[in-house]
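J.: Handing you a structure now.
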Amino acid sequence: MQVYQFTEQPYYPAWNEHKGSLRVNLPNRIVDPKLAGDLFHRYYDEWMIADDLGFNIMVNEHHQTATCMASTVIVGLSVLARETKKARILVLGYPIGHRPDPLRCAEELSTIDVVSRGRLDMGFIKGVPYEFPASNQNPVGVMDRFWEAHDFIIKAMSSHDEPFNWEGDYFHYRQVNIWPRPVQQPHPPIWTTTGNRAQAKLLGEKGYVMATLGSGYATRPLYDSYRAGYMAKRGRAPGADRFAYLGLVAVAHDEAEARRRGELIAGYLRSSAIVHVPFRNPPGFLTVDDNAKMLRGMSAPRSFTKDGRPVNMHHGSVQDLIDAGILFCGTPDQVHDQIVDFCTYCGGMGNLLMMGHAGFLTHEDTVSNLEIFAKEVMPRLKEWNQPVAEVVAA
Amino acid sequence: MSADAVTSLVVNGATIEAIERGQGRPILFLHPGIGIEANAPVLTELARGGRLLAPSHPGFGTSSLPKGMTTVDDLSYFYLDVLEQLDLRDVLVVGIGLGAWIAAEIAVKDSSRLSQLVMANAIGVKVGDRETRDIVDIWSLMPDELNALAYADPQKGQRDYKNLPEVESIAAARNREATARFCWSPYMHNPKLKNRLHRIRIPTLFLWGTADRILSEKYGRAYCAMIAGARFETIENAGHFPHIEQPEEFARRTLAFASAAAPEAPRAKRA
């Protein structure tokens, strides 16, 4: 198993200063830029420690929000490409459907791959609903734009003999020939996220690494859809390395201390949905059928415990979150057992995207969390043989 | 729309639903972003003045959405195809909100089949400076907040979504998505339209529900001034959807304008 240390780089000092919205319309007057600088340096320091401890690293971006100060993944990737030595650096993700210029994306990511000496994992995402009022990208049809940007970036990274032409529905170029080209050929590994079974099957056909967040003990159907798509194309089951899962992790030698850390890390989930209500579901973000069901009050819960109890991940207790496989929390043995149990349920899950810091967790607690995990949990997870479940497409 | 009142048209590969009612000169009714209900009283009132055709725009209601149709420009060309296919002439075009924008986009391209234009609480142009939002950002509002701004009587905007039949909730979801498809950015307008409005030479009436707080009356009057000879009339006790809040008054004003403007003079002049 690979473990990626992740923090959203929050500006948590603002978390108690909002009037119902931490995103999009929270005035930036609230940010003290000097303190923001201190926090960025702290988070980079923690990633450097994670690199030394044997973690990989995951970065992301959100916009106009106190939940995540990183407004462009490229800055964090650039810093880490130079400063870290061993870690693979995953961006999950780059919201390419929002970007005006995928040529620029291809150039940036190739350069980062070169500077990092081939350590980039390249995650492309649709973006959460709240990004649309910020970027002003039309949420209607954004996945068509996403896939054209994806196709373009792949072609730009893997074409080497002469400039090529691109005249698509969304993007137009006449002399595409990026310098430098990426180290990893034909291109850095592609990752993406989904919560949708049809999309999961498509990702399986493509063989990309598929990550889910907050899906807990409702993850297996998504993975099985991926497996069906993968096996239909290749005739064999995907390895555990094709799956990734974002889990919150709070570990300590003392269970009570671990729970205290868990409570602070759960602050990520409790803050992430604090956003002006109309920004939560822009038109076209969900399908017509899902929106029609929502109008009729028929929205299905998203997260479940192992025994099928629905859990609201934004409001659930630490125990609820542990039961739902959203938070792995306890002593090193307990955390190890929870993760193995979850991966077994998944039929194999080879990339833990570990949120080892969130919100008000201090630097000292974060470092302790990382150290204990690296020394007492990670080696056992790396040795453990993942199951490889098979699913044949119907 | 309920099925019994609705016909189906296939135009240029798209299948659209349309309410057809009444006899006489053709009246093309272009609905706003919220769509149109077959039992809307305004349709009965308007059908007293002619043969009313009230389609759901491509992507709205149950009407299909041809691939690549992404702008109001595309919708206007689609309706030019409709007019041609049905060979409609001497058409009174009545649009509200988004429908009025479509009407203007049709008329600037080709008004040879049109005789009058009625534009109610119309969107479609940019009036203020770049830092002044002419039109309230409807996608940053809660449904109750939106109704409070859109209607003179916000109760008129309430729908019991939880108990809607599935087909109607799907239509409501499609209407919301389609409105964003065509209106998201540039927000509710076409920057090119202003410089094309001089091409509208048929009699044009702006009807304006005065309680509209999504669009100001000032916006409406500035828009009206861009079309030579266009009249501006207000409707009291109505907001952004005067055809819903004051259907009889809306139809009375529309038909009165159409018959007053009917003399042959304007058309003879054009020929």
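J.: Residue check: is B:Lys109 of a type in the set (Lys, Arg) and in contact with a helix residue (DSSP H, G or I) (Cβ under 9 Å, 6 or more places away or on another chain)?
T.: Details: of a type in the set (Lys, Arg): yes; in contact with a helix residue (DSSP H, G or I) (Cβ under 9 Å, 6 or more places away or on another chain): yes.
The answer is yes for B:Lys109.
J.: Identify all residues within region A:63-98 that are under 19 Å from A:Phe40 (Cβ atoms) and out of contact with any strand residue (DSSP E or B) (no Cβ under 7 Å at 6 or more places or on another chain); write none if there are none.
T.: Correct list: A:His63, A:Ala66, A:Cys68, A:Met69, A:Ser71, A:Thr72, A:Ile74, A:Val75, A:Ser78, A:Val79, A:Arg82, A:Glu83.
J.: Same structure again: Could you go through region B:182-192 and let me know if any residue there is within 14 Å of another protein chain (Cβ to nearest Cβ), within 16 Å of the chain's Cα centre (by Cα), buried (at least 21 other Cβ atoms within 10 Å of the Cβ) and part of a helix (DSSP H, G or I). Don't jump to the end; show me each part of the working.
T.: We begin by selecting, within region B:182-192, every residue within 14 Å of another protein chain (Cβ to nearest Cβ); these are B:182-188.
Next cut, within 16 Å of the chain's Cα centre (by Cα) only: B:182-183, B:188.
Still in the list and also buried (at least 21 other Cβ atoms within 10 Å of the Cβ): B:182-183, B:188.
Checking the rest, the ones that are also part of a helix (DSSP H, G or I) come to B:182-183.
Within region B:182-192, one or more residues are within 14 Å of another protein chain (Cβ to nearest Cβ), within 16 Å of the chain's Cα centre (by Cα), buried (at least 21 other Cβ atoms within 10 Å of the Cβ) and part of a helix (DSSP H, G or I).
J.: In region B:123-142, how many residues are more than 9 Å from chain A (Cβ to nearest Cβ) and surrounded by fewer than 18 Cβ atoms within 10 Å (Cβ to Cβ)?
T.: The qualifying residues number 6.
J.: Do you know which residues across region A:335-394 are part of a loop (DSSP other than H, G, I, E, B) and among the aromatic types (Phe, Trp, Tyr)?
T.: So the first thing to find is which residues in region A:335-394 are part of a loop (DSSP other than H, G, I, E, B), and the list is A:347-350, A:356-362, A:377, A:384-394.
Result: A:Phe360, A:Trp384.
J.: From the set of residues in region A:1-32 that are surrounded by 19 or more Cβ atoms within 10 Å (Cβ to Cβ) and of a type in the set (D, E, K, R), which is modelled with the lowest pLDDT?
T.: Taking the candidates together, the pick is A:Arg23.
J.: Does A:Tyr94 count as within 27 Å of A:Met354 (Cβ to Cβ), surrounded by 17 or more Cβ atoms within 10 Å (Cβ to Cβ) and within 14 Å of another protein chain (Cβ to nearest Cβ)? It would help to see each step written out before you state the result.
T.: Working: within 27 Å of A:Met354 (Cβ to Cβ): yes; surrounded by 17 or more Cβ atoms within 10 Å (Cβ to Cβ): yes; within 14 Å of another protein chain (Cβ to nearest Cβ): no.
In short, no.
J.: For residues in region A:135-166 being over 24 Å from A:Tyr208 (Cβ atoms) and in contact with a strand residue (DSSP E or B) (Cβ under 8 Å, 6 or more places away or on another chain), which is farthest from the other protein chains (Cβ to nearest Cβ)?
T.: Filtering region A:135-166 down to residues over 24 Å from A:Tyr208 (Cβ atoms) leaves A:136, A:138, A:140, A:161-163, A:165.
Going one step further and asking which of them are in contact with a strand residue (DSSP E or B) (Cβ under 8 Å, 6 or more places away or on another chain), we end up with A:163, A:165.
Working: A:Pro163: 28, A:Asn165: 21 Å.
Result: A:Pro163.
J.: Output the qualifying pairs, or none if there are none: Cβ atoms under 7 angstrom, residues six or more apart or on different chains, first residue in region B:143-158 and more than 18 Å from B:Ala172 (Cβ to Cβ) and in contact (Cβ under 8 Å) with a residue 12 or more places away in the chain, second residue in a helix (DSSP H, G or I) and acidic (Asp, Glu).
T.: Close Cβ pairs satisfying both conditions: B:Ala152/B:Glu245; B:Asp153/B:Glu245.
J.: Within region A:146-199, restricting attention to residues that are in contact (Cβ under 8 Å) with a residue 12 or more places away in the chain, in a strand (DSSP E or B) and not aliphatic (A, V, I, L, M), which residue is surrounded by the fewest Cβ atoms within 10 Å (Cβ to Cβ)?
T.: Residue satisfying both the conditions and the ranking: A:Gln175.
J.: Which residue pairs have Cβ atoms closer than 7 Å, lie 6 or more positions apart in sequence or on different chains, and pair a first residue in region B:191-208 that is under 13 Å from B:Tyr223 (Cβ atoms) with a second residue that is of a type in the set (Asp, Glu) and crowded, with 22+ Cβ neighbours inside 10 Å?
T.: B:Leu193/B:Glu105
J.: Another question, then. Looking only at region A:97-115, count every residue that is surrounded by fewer than 24 Cβ atoms within 10 Å (Cβ to Cβ) and either over 20 Å from the mean Cα position of the chain (by Cα) or in a loop (DSSP other than H, G, I, E, B) (or both) and tell me the total.
T.: 10
J.: OK, next. Please name all residue pairs, on different chains or six or more residues apart, with Cβ atoms under 6 Å, provided the first residue is in region A:274-293 and is over 17 Å from B:Trp139 (Cβ atoms) and the second residue is among the polar types (S, T, N, Q) and assigned to a helix (DSSP H, G or I).
T.: A:Ala292/B:Ser169
J.: Right, here's the next one. If you take the residues in region B:193-203 that are of a type outside the set (A, V, I, L, M, F, W, C) and touching a helix residue (DSSP H, G or I) at 6+ places or on another chain (Cβ under 8 Å), which one is nearest to the other protein chains (Cβ to nearest Cβ)?
T.: Among residues in region B:193-203 that are of a type outside the set (A, V, I, L, M, F, W, C) and touching a helix residue (DSSP H, G or I) at 6+ places or on another chain (Cβ under 8 Å), the one nearest to the other protein chains (Cβ to nearest Cβ) is B:Arg196.
J.: Right, B:Cys224: under 17 Å from the mean Cα position of the chain (by Cα), within 14 Å of another protein chain (Cβ to nearest Cβ) and under 26 Å from B:Gln246 (Cβ atoms) or not? Step through it out loud before you land on a result.
T.: Working: under 17 Å from the mean Cα position of the chain (by Cα): yes; within 14 Å of another protein chain (Cβ to nearest Cβ): no; under 26 Å from B:Gln246 (Cβ atoms): yes.
When the stated conditions are applied, B:Cys224 does not pass them.
J.: Check A:Thr212 against each of (1) under 24 Å from A:Pro283 (Cα atoms); (2) polar (S, T, N, Q); (3) part of a helix (DSSP H, G or I) and name the one condition it does not meet.
T.: Answer for A:Thr212: the failing condition is (3).
J.: Shifting gears a bit: Given the condition more than 24 Å from B:Thr15 (Cα to Cα), free of Cβ contacts under 8 Å to residues at least 40 places away in the same chain and acidic (Asp, Glu), answer yes or no: does some residue in region B:106-125 qualify?
T.: No, region B:106-125 contains no residue that is more than 24 Å from B:Thr15 (Cα to Cα), free of Cβ contacts under 8 Å to residues at least 40 places away in the same chain and acidic (Asp, Glu).
J.: Residues that are facing chain B (nearest Cβ under 8 Å): which helices (runs of 4 or more DSSP H) entirely in region A:265-330 hold 1 or more of them? Spell out how you get there, then give the answer.
T.: Values: elements: A:267-272, A:288-295, A:318-323.
Of the helices (runs of 4 or more DSSP H) lying wholly inside region A:265-330, those with at least 1 residues that are facing chain B (nearest Cβ under 8 Å) span A:288-295.
J.: If we only count strands (runs of 3 or more DSSP E) wholly inside region B:1-87, which ones have 2 or more residues that are out of contact with any Leu (no Cβ under 9 Å at 6 or more places or on another chain)?
T.: Numbers: elements: B:6-11, B:14-21, B:26-30, B:51-55.
Because the criterion is at least 2 residues that are out of contact with any Leu (no Cβ under 9 Å at 6 or more places or on another chain), the strands (runs of 3 or more DSSP E) in region B:1-87 that meet it are B:6-11.
J.: For the condition farther than 28 Å from A:Thr111 by Cβ, surrounded by fewer than 22 Cβ atoms within 10 Å (Cβ to Cβ) and in contact with an Asp or Glu (Cβ under 7 Å, 6 or more places away or on another chain), what is the one hit in A:Ala237, A:Ala228?
T.: Of the residues listed, the single one that is farther than 28 Å from A:Thr111 by Cβ, surrounded by fewer than 22 Cβ atoms within 10 Å (Cβ to Cβ) and in contact with an Asp or Glu (Cβ under 7 Å, 6 or more places away or on another chain) is A:Ala237.
J.: Further, regarding this structure: Here's a check for you: in region B:151-180, which residue that is in contact with a helix residue (DSSP H, G or I) (Cβ under 6 Å, 6 or more places away or on another chain) and either in a loop (DSSP other than H, G, I, E, B) or of a type in the set (Phe, Trp, Tyr) (or both) is nearest to the other protein chains (Cβ to nearest Cβ)?
T.: Taking the candidates together, the pick is B:Tyr161.
To keep it simple, each residue is scored yes or no on (1) surrounded by 24 or more Cβ atoms within 10 Å (Cβ to Cβ); (2) under 26 Å from A:Asn16 (Cβ atoms); (3) of a type in the set (Val, Ile, Thr).
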residue: A:Arg302; (1), (2), (3): no, no, no
residue: A:Asp307; (1), (2), (3): no, no, no
residue: A:Asn312; (1), (2), (3): no, yes, no
residue: A:Gly325; (1), (2), (3): yes, no, no
residue: A:Pro332; (1), (2), (3): no, no, no
residue: A:Asp341; (1), (2), (3): no, no, no
residue: A:Met349; (1), (2), (3): yes, no, no
residue: A:Glu364; (1), (2), (3): no, yes, no
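J.: If a residue must be within 14 Å of chain A (Cβ to nearest Cβ) and touching a strand residue (DSSP E or B) at 6+ places or on another chain (Cβ under 7 Å), how many such residues does region B:57-88 contain?
T.: Residues in region B:57-88 being within 14 Å of chain A (Cβ to nearest Cβ) and touching a strand residue (DSSP E or B) at 6+ places or on another chain (Cβ under 7 Å): 6 in total.
J.: While we're on this one: Working only within region A:15-67, note down all residues that are touching a Leu at 6+ places or on another chain (Cβ under 7 Å), assigned to a helix (DSSP H, G or I) and either among the small types (Gly, Ala, Ser) or free of Cβ contacts under 8 Å to residues at least 12 places away in the same chain (or both).
T.: Scanning region A:15-67 gives a single hit, A:Ala50.
J.: For region B:59-100, give me the residue count where each residue is in contact (Cβ under 8 Å) with a residue 60 or more places away in the chain, buried (at least 16 other Cβ atoms within 10 Å of the Cβ) and closer than 30 Å to B:Ser185 by Cβ.
T.: Residues flagged as in contact (Cβ under 8 Å) with a residue 60 or more places away in the chain, buried (at least 16 other Cβ atoms within 10 Å of the Cβ) and closer than 30 Å to B:Ser185 by Cβ within region B:59-100 amount to 19.
J.: Determine whether A:Ser299 is within 23 Å of the chain's Cα centre (by Cα) and at negative phi. It would help to see each step written out before you state the result.
T.: Details: within 23 Å of the chain's Cα centre (by Cα): no; at negative phi: yes.
Criteria not met by A:Ser299.
J.: Now, a different point. Looking only at region A:338-355, count every residue that is under 20 Å from the mean Cα position of the chain (by Cα), over 13 Å from A:Glu390 (Cα atoms) and of a type outside the set (A, V, I, L, M, F, W, C) and tell me the total.
T.: 2
The values are calculated or read from the model by the stated rules, or taken from the named source; none is laboratory data. Computed from a prediction, not measured in an experiment: that's the story for all the values here. So basically every Cβ, Gly included, is an ideal-geometry build from the backbone, and we count neighbours across all protein chains shown.
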